[in-house]
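J.: The structure that follows is given in the form of structure tokens.
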Amino acid sequence: MLDSNYFHYTDKRLNCEEVRLEELGRTFGTPLYVTSAKSLVESYKAFEQAFEALPHFTCYSVKANYNLTVIRTFAELGCGCDVNSGGELYRALQAGVAPDKIIFAGVGKKYEEIAYSLECGVLMLKAESLSELQAIDQIAGEMGKIASVALRINPNVTAETHPYITTGDSKEKFGIDEAELPEVLALLRQLPNLRLVALDMHIGSQIFDPEYYVAATVKLLALYNLSKTMGFAIEFLDIGGGFPVTYDPCKPATPIERFAEKLIPMLLPAGVTVIFEPGRYLVANGSVLLTKILYKKRNHAGKEFFVVDAGMTELIRPALYQSHHEVQAVTRHDETVVADIVGPICESSDFFARHRKIDAAEEGELLAVMSCGAYAAVMSSNYNGRLRPAEVMVNGSDVKLVRKRETLEQLIQSELL
């Protein structure tokens, strides 16, 4: 989706803030991820303003985009981080995030990751099973520490989203079933090296209807009250993330204010700090993937193809989730064509758009695949021996290279022959 404030046309040339994308393509080459710094800042401010009436703490979900400069941008605004691995924890720390502003999540933490997070002094570890609680207790005991933990509760609320990003019902691997909480709380009394500080939920991603959050929050609040009657002093309720963004202009996202209007009256009486974990909401529409048209072709049936130099190795969402991304010509044309926009990867699923109306750009011109700030660069791969692209961040007229393009030497640097 074109964001009129950050990605806009001037004299038929597509800009990121005050910089022409064609200039970035010439300077840094393609494929290229281009991020608007102002978009990140304004998305964060909009989220904070929506929930300002509620005592809360926002933790950026690093898995959406773990570029160090992106993380630091949010950290400088006072945002914490939600991490899902030792690698993401390391990245957050290297970006300057204070350990006590980091939450360590994930359904399958290894011994070394638990020990690493305890050594760093993270705010809390989110436990998702009885076995994990016992493991954290054992490791904390061996280290002579008391581990602050949260229980991720599965509220059995199935949100209407893609099945691969549904995380809050009993069919999925995530969380502790709500019915098991009394048993878990009883176990916690027997684990001397744990301190329960939070109850947590996460019901999925790209959830457009606030009523799913309402249903899940009702259950979370009931479990919060149960934990209080059993003598636990809960400091935080973690609502997770999953707030929607617009990828397709025909399917605009529900404004964040609608979620706030529903959730604030429910959560305010609890008298605890509420944690939010937005990821996609903060970054998705802040970046584009810049790509060059290598070839144009037409098959015997008259079908048009734009073959570009980016593919599913740079943006796997269309292949993995059947997701929609707008594609814009960097130079506007008066005429349009209907074409498939496809990449160079040896897979039939390697496409950005099927039968899409697009400006009649020529070979050698650039296209911008929009809304690539979330789950694009972080899910990139070296499949087909591809080199991961460079990344740049634009702030007004200032341009900063925030990730170098990979080299052929880097492609094999970890292998032994």
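The values are calculated or read from the model by the stated rules, or taken from the named source; none is laboratory data. This structure is a prediction, so every number in the text was calculated from the model and none was measured. A quick note on method: Cβ atoms are made from the backbone with ideal geometry, for glycine too, and the neighbour counts reach across all protein chains shown.
J.: Restricting the range 114-139 to residues that are modelled with pLDDT of 95 or more and polar (S, T, N, Q), which is farthest from Ala179 (Cα to Cα)?
T.: Checked the range 114-139; the qualifying residue farthest from Ala179 (Cα to Cα) is Ser117.
J.: Could you list, in sequence order, the residues of the range 176-214 that are among the small types (Gly, Ala, Ser) and either on the phi > 0 side of the Ramachandran plot or surrounded by fewer than 18 Cβ atoms within 10 Å (Cβ to Cβ) (or both)?
T.: Those that are among the small types (Gly, Ala, Ser) and either on the phi > 0 side of the Ramachandran plot or surrounded by fewer than 18 Cβ atoms within 10 Å (Cβ to Cβ) (or both): Ala179, Ala186, Gly204.
J.: Residue check, Leu289 against (1) within 28 Å of Asn382 (Cβ to Cβ); (2) touching a strand residue (DSSP E or B) at 6+ places or on another chain (Cβ under 8 Å); (3) surrounded by fewer than 20 Cβ atoms within 10 Å (Cβ to Cβ); (4) touching a residue at least 24 places away in the same chain (Cβ under 8 Å), all met but one. Which one?
T.: The one condition Leu289 does not meet is (3).
J.: Report, by residue number, each residue of the range 172-229 that is within 21 Å of Ala140 (Cα to Cα) and either in a helix (DSSP H, G or I) or not assigned by TED's automatic domain parsing to the domain that holds Gln134 (or both).
T.: Matches in the range 172-229: Val184, Leu185, Ala186, Leu187, Leu188.
For (1) modelled with pLDDT of 95 or more; (2) within 30 Å of Phe259 (Cα to Cα); (3) of a type in the set (Ser, Thr, Tyr), each residue gets a yes or a no:
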residue	(1), (2), (3)
Phe305	yes, no, no
Arg317	yes, yes, no
Leu320	no, yes, no
Val369	yes, yes, no
Asn382	yes, no, no
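J.: Can you name the number of the only condition in (1) more than 27 Å from Leu282 (Cβ to Cβ); (2) at pLDDT 95 or above that Arg405 fails?
T.: Single failed check for Arg405: (1).
J.: Among the residues of the range 232-246, are any touching a Leu at 6+ places or on another chain (Cβ under 8 Å), surrounded by fewer than 22 Cβ atoms within 10 Å (Cβ to Cβ) and farther than 25 Å from Val122 by Cα?
T.: no
J.: Hey, another quick one. Assess whether Ser371 counts as being surrounded by fewer than 13 Cβ atoms within 10 Å (Cβ to Cβ), assigned to a loop (DSSP other than H, G, I, E, B), of a type in the set (Ser, Thr, Tyr) and in the same structural domain as Thr291 (by TED's automatic domain parsing).
T.: No: the conditions fail for Ser371.
J.: If I filter the range 250-258 for residues that are in contact with a helix residue (DSSP H, G or I) (Cβ under 6 Å, 6 or more places away or on another chain) and either assigned to a loop (DSSP other than H, G, I, E, B) or closer than 17 Å to Lys219 by Cβ (or both), do I get at least one hit?
T.: For the range 250-258, residues in contact with a helix residue (DSSP H, G or I) (Cβ under 6 Å, 6 or more places away or on another chain) and either assigned to a loop (DSSP other than H, G, I, E, B) or closer than 17 Å to Lys219 by Cβ (or both): absent.
J.: Output the residue which, of all residues in the range 104-137 that are free of Cβ contacts under 8 Å to residues at least 40 places away in the same chain and of a type in the set (S, T, N, Q), is farthest from Leu191 (Cα to Cα).
T.: Of everything passing the filter in the range 104-137, Ser117 is farthest from Leu191 (Cα to Cα).
J.: Restricting to the range 103-127, give me the number of residues that are among the aliphatic types (A, V, I, L, M) and over 18 Å from Gly240 (Cα atoms).
T.: Here the count works out to 3.
J.: Further question on the same structure: For the range 96-113, name all the residues that are of a type in the set (Val, Ile, Thr), modelled with pLDDT of 95 or more and surrounded by fewer than 22 Cβ atoms within 10 Å (Cβ to Cβ).
T.: Selection gives nothing.
J.: Okay, moving on. Only one residue in Tyr60, Tyr6, Tyr90 is touching an Asp or Glu at 6+ places or on another chain (Cβ under 8 Å) and farther than 30 Å from Met266 by Cα, so which one is that?
T.: None of the other options fit; the residue is Tyr6.
J.: May I pose another question? If I go through the range 381-408 residue by residue, how many of them are of a type outside the set (A, V, I, L, M), within 18 Å of Gly343 (Cα to Cα) and buried (at least 19 other Cβ atoms within 10 Å of the Cβ)?
T.: Of the residues in the range 381-408, 3 are of a type outside the set (A, V, I, L, M), within 18 Å of Gly343 (Cα to Cα) and buried (at least 19 other Cβ atoms within 10 Å of the Cβ).
J.: Just for the range 1-33: of the residues that are among the β-branched types (Val, Ile, Thr) and in a strand (DSSP E or B), which one is nearest to the chain's Cα centre (by Cα)?
T.: Val19
A quick yes/no check of all residues on (1) among the aliphatic types (A, V, I, L, M); (2) surrounded by 22 or more Cβ atoms within 10 Å (Cβ to Cβ); (3) more than 26 Å from Lys404 (Cα to Cα); (4) not assigned by TED's automatic domain parsing to the domain that holds Thr273:
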position	(1), (2), (3), (4)
Gln49	no, no, yes, yes
Ser61	no, yes, no, yes
Arg72	no, no, no, yes
Gln94	no, no, no, yes
